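Here's the structure we're looking at; comments come further down.
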Amino acid sequence: STQRTLVLLKPDTVRRGLVGEVIGRFEAKGLSLVAMELRTIDAAKADEHYAEHVERDFYPPLRAFVTSGPLVAMVLEGDEAIEVVRALNGATDGRKAAPGTIRGDLSLSNRENLVHGSDSPESAEREIKIWFPGL
Ligand code: CMP
């Protein structure tokens, strides 16, 4: 059934000039853009988005990274969009992600892995509220 999911093109995507490449993959798959904005976030916003990770060892450098420059936040819609986006993104670690996925083709990092996609319907609802409260 139709779902909405929150996707971030993290600052590495913007810095590397891969925004068009990555959005193109989502569009080519057939997903629809519902909302999209270029935004630079502060630490509080990062902590809100990554609430479940704030106590993890990897979080401080992740927070520094996601606040390091503009990112593109968007809501994508389509049939089974949450799972479809996660499949297109590939495994978290770009070094292990399968070729053909966004991370597998374009990232060599576990942190600077280009994209974020909501991991469940509950996460999607929470994250869409955080990023696009008007939707
Ligand atoms: P994301 O899908 O946005 O969810 C949490 C993010 O934390 C993940 O993508 C990576 O950017 C980052 N991350 C997860 N695990 C690690 C790790 N072990 N080391 C560094 N960064 C990580």
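Starting from the stretch 97-109, take each residue that is under 16 Å from ARG16 (Cβ atoms) and list its partners that are at pLDDT 95 or above and part of a strand (DSSP E or B), counting only C-beta distances under 6 angstrom and pairs at least six apart or across chains.
ILE102/VAL115
In the stretch 54-94, what count of residues is obtained for those that are farther than 15 Å from VAL22 by Cα and either assigned to a loop (DSSP other than H, G, I, E, B) or polar (S, T, N, Q) (or both)?
13
Can we say GLY69 is more than 13 Å from the ligand (Cβ to nearest atom) and surrounded by 14 or more Cβ atoms within 10 Å (Cβ to Cβ)?
Spelling it out, it is not the case that GLY69 is more than 13 Å from the ligand (Cβ to nearest atom) and surrounded by 14 or more Cβ atoms within 10 Å (Cβ to Cβ).
On the given criteria, is ASP57 surrounded by fewer than 19 Cβ atoms within 10 Å (Cβ to Cβ) and within 13 Å of the ligand (Cβ to nearest atom)?
It is true that ASP57 is surrounded by fewer than 19 Cβ atoms within 10 Å (Cβ to Cβ) and within 13 Å of the ligand (Cβ to nearest atom).
Please go through (1) in contact with a Ser or Thr (Cβ under 9 Å, 6 or more places away or on another chain); (2) surrounded by fewer than 21 Cβ atoms within 10 Å (Cβ to Cβ) for LYS129 and return the number of the only condition it doesn't satisfy.
(1)
Within the stretch 30-68, how many residues are charged (D, E, K, R) and in contact with a helix residue (DSSP H, G or I) (Cβ under 6 Å, 6 or more places away or on another chain)?
2
Provide a single number: the residues in the stretch 4-43 that are in contact with a Gly (Cβ under 7 Å, 6 or more places away or on another chain) and surrounded by 15 or more Cβ atoms within 10 Å (Cβ to Cβ).
Result for the stretch 4-43: 5.
Checking SER109 against (1) under 18 Å from THR2 (Cβ atoms); (2) within 14 Å of the ligand (Cβ to nearest atom): exactly one of these is not met. Which one?
With (1) under 18 Å from THR2 (Cβ atoms); (2) within 14 Å of the ligand (Cβ to nearest atom) applied to SER109, the lone miss is (1).
Give the residues of the stretch 17-31 that are charged (D, E, K, R) and free of Cβ contacts under 8 Å to residues at least 12 places away in the same chain, sorted by residue number.
Selection gives GLU27 alone.
Only one residue in VAL34, VAL7 is more than 11 Å from the ligand (Cβ to nearest atom) and assigned to a strand (DSSP E or B). Which one?
Just a single option satisfies the conditions, and that option is VAL34.
Determine which single condition HIS49 fails, assuming it passes every other condition in (1) within 13 Å of the ligand (Cβ to nearest atom); (2) surrounded by fewer than 16 Cβ atoms within 10 Å (Cβ to Cβ); (3) within 20 Å of SER118 (Cβ to Cβ); (4) not charged (D, E, K, R).
Going through the list (1) within 13 Å of the ligand (Cβ to nearest atom); (2) surrounded by fewer than 16 Cβ atoms within 10 Å (Cβ to Cβ); (3) within 20 Å of SER118 (Cβ to Cβ); (4) not charged (D, E, K, R), HIS49 breaks only (2).
Quick one: count up the residues across the stretch 107-134 that are within 20 Å of PHE26 (Cα to Cα), touching a helix residue (DSSP H, G or I) at 6+ places or on another chain (Cβ under 8 Å) and assigned to a loop (DSSP other than H, G, I, E, B).
7
Out of all the residues in the stretch 95-106, which are within 21 Å of TYR50 (Cβ to Cβ), aliphatic (A, V, I, L, M) and either assigned to a helix (DSSP H, G or I) or near the ligand (Cβ under 9 Å from one of its atoms) (or both)?
Listed by number, the list holds a single entry, ILE102.
The values are calculated or read from the model by the stated rules, or taken from the named source; none is laboratory data. Here the structure is a predicted model, which is why all the values come from computation and not from measurement. Quick reminder, even Gly has a Cβ in these numbers, built from the backbone with ideal geometry, and neighbours come from all protein chains shown.
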